[in-house]
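Here is the structure we will look at, set down as structure tokens.
Read-outs: derived from the displayed coordinates by stated rules, not from any lab. Remember, predicted model here, so these are calculated numbers, not experimental data. Glycine also receives a Cβ, built like all others from the backbone with ideal geometry; neighbour counts cover every protein chain displayed.
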Amino acid sequence: MANITRFSPFDDTLDDLFRGFFVRPVSYEGPSGAAQFRVDVSESDSAYTLRADVPGVKKEDINVTIDGDTVAISAEVKSEKDVKDGERVLRSERYYGKLYRAFTLGQAVDEAGAGAKYASGVLELTLPKKAAVQAKRIAIQ
């Protein structure tokens, strides 16, 4: 016999609110209309490393932008529908459309030193941290 659980419209909202609340070294955001892909972000003393699963996407269809401490990744999954005459689709589960993720990191990224590799459906970004600017003391006259 199947278990029956009571539906609560607040469960998903509260889960979304507290997801990652206690371990939030980076925050993520993105438009709700675009699908999201899975990402791992790690940090060393000198750089952030970001690995994103974007299978089925050509590297020409992936865009990465860096603005200070914010990194945004967008991609477009294209689908080729080749339904022949006399055939009908019984099931279609493959996704096509736009993907988007944006992350605010804890420190600004050195855009000039950033690098990206894409192989086997995994995008890997190496994002060196910008050196912290020392405060300058001004003499009062």
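Highest average first, the peptides 82-93, 120-131 ordered by how many other beta carbon atoms sit within 10 Å of their residues are 120-131, 82-93.
Compute the Cα gyration tensor for the range 31-140, then decide on rounded, prolate or oblate, letting a ≥ b ≥ c be the square roots of its eigenvalues: rounded whenever a/c is under 1.5, prolate when a/b is larger than b/c in the other cases, and oblate in all that remain.
Working: a/c = 3.79, a/b = 3.05, b/c = 1.24.
It is prolate, given that a/c is not under 1.5 and a/b is the larger ratio.
Computed extension length for THR65-LEU90: 5.1 nm, one decimal, from 0.36 nm per residue of separation with the Cα-Cα distance subtracted. Computing FRET efficiency as 1/(1 + (r/R0)^6) for ASP82 and SER44, where r is the C-beta to C-beta distance and R0 is 41 Å, gives about 0.35.
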